[in-house]
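One structure below.
Read the figures in this text as sums done on the coordinates, not as results from a lab. This one's a predicted model, so the numbers in the text were calculated from it and none came from an experiment.
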């Protein structure tokens, strides 16, 4: 069946299940098979439908059945799971993605099963101590070979856990017992946990979530962090699905753990912060790095002229600091440090260019925790002792696993002398780290937040940098909004936490997201003027002025002395055409802030809109008095004087605009209106011509500069056949729009088209 038709029918199945129309859902599900339904799927569907028929018999008989709703929901979920399996089978025929390539391999090799591969791996791990003895001796090549074989097995296990759907009871038991046996190395357990997560994002499988619950409960700190993120992301992915009772009970036990409340809040905040990663990377790429490159020649010059270079003196040399201060780089570096302290990912941009190594062609390698026993780092001839550097990388807390692998891979292309420099620097880092440990300070390694953050960074890099990332559901694409997950809402629905998240969105101008979270905060906490202010601001940024006005009115009711709120009330009323209400708000603001030019400007515009021209003139005069340097007040003042028929005064200000500021097309247009109203027809024609010629022209057109166009027009210079049609059309539209104003000034409506046509003849 074609993919688009299959998707349409599957969508209808979902709708039927949501509406409890299960008979129709069964019928549609059978239609998806096209007569080629696998026997095990057919049996599941028949069994589910028989259960539904029995449920219906009990229902119509009037018998009491307290489990009816639960059973109906379970049957509905069975239908949805079957449609998922049918979709998978239908897609597996020819879909060229990595997921389906691995699925086809699995089906072609039925002897490779999850229990079998895990049993083999567990036996290999039991011999680890012997392999360590081999590795510590002289047989490093043999160790390399053995390690490579084990890594191949790890990748096979990762892939089979990833693409198996649904997990059978045997699969689930094998995964649970093996990963919980404490025999496997921690990195392997974490890797296989990621496989559970990745597969859980492809199709809804409750058994995967049950396993993640167990791994969060019983796993090491690293495995627990991976399982935590897996639970949150997968539950968010399938937030519209019904969780079976077994899963609900298992998850309820997880929620009782002392670590859960803190962990889920930390993860929620850190997942939210990923929204800012692109901005941070762009800032480093476009602002900080260029500043550093500018300073490089000067630093090199000073270094070349210095007789001796003492690093300690360099750090304290005021000349170096002066250079940094003058360049602005010091401020940039301080800003970057603050971003890092707040939890921002400052390494993404740096390491994004180091993900092109063949190592990253394998999906499993994006998720395997960093460990120095990798075959790529073993001490085989020509390797240059890379394993020693790898061993130093393990305790580094400021890099996620993916970035550590990137850095090690890059060192394979670096001369040995430069590697020695890196090793020296890392030795110093390691010594410092050990000193901190000895002093029993709170190290980053013991910081749960940092551990969770690094796992998020690993996941984020995969979905942003993997060469075939488009084949996967990307949780960061839509954002992981845990408030939308019914099973999690009570864990995250706290005003303090949600306010932090909303403020993050707000400060980074994610208006839609900020509004959503602020709305939830409003629903679960006492009314707050500040919350309504920010909701209103978000709504204004989203162009929803009426809704913004409602929020500002609520804020005003809670705090009627807020000048900021009152100014927004005025602006919203003005934008909605409620000029009388806008004026009332401005008058209130005038009492609180009598010397604000912006408020005087809003008052003037309100008076203008209501044709209170003398009042508008007074308001704009005040605005001009308070802010006469910016020029912002000159245009509305000149226009209001024109509308009040104070022609001499209006001309004075328009002449100032044309000579002291960059004139706009509308300035020439309005000067033309003034000339026309005072009977200076030739002068009006010249200003109208300037208005046309000064309008923006398409890229590449001639006679672009406004000054050149103005000079040509003033001199009545020759042929202006190159005037864009858009400029002429814009002028005609403006004349029509201003016809009422011209009529108010005493210009006959019949004269306006004549003036326009006469002008256009001169431009043709």
Multiply the residue gap between residue 249 and residue 722 by 0.36 nm, knock off their C-alpha separation, and tell me the result in nm, one decimal place. 162.6 nm
Which distance in Å, rounded to a whole number, links the C-alpha centroids of region 646-694 and region 41-72? 82 Å
Given the Cα-Cα distance of residue 3 and residue 525 and 0.36 nm per residue of separation, how much length would full extension add, in nm? 183.3 nm
At 0.36 nm per residue, and after removing the present C-alpha to C-alpha distance, how many nm does the segment from residue 59 to residue 751 gain when stretched out fully? 240.8 nm
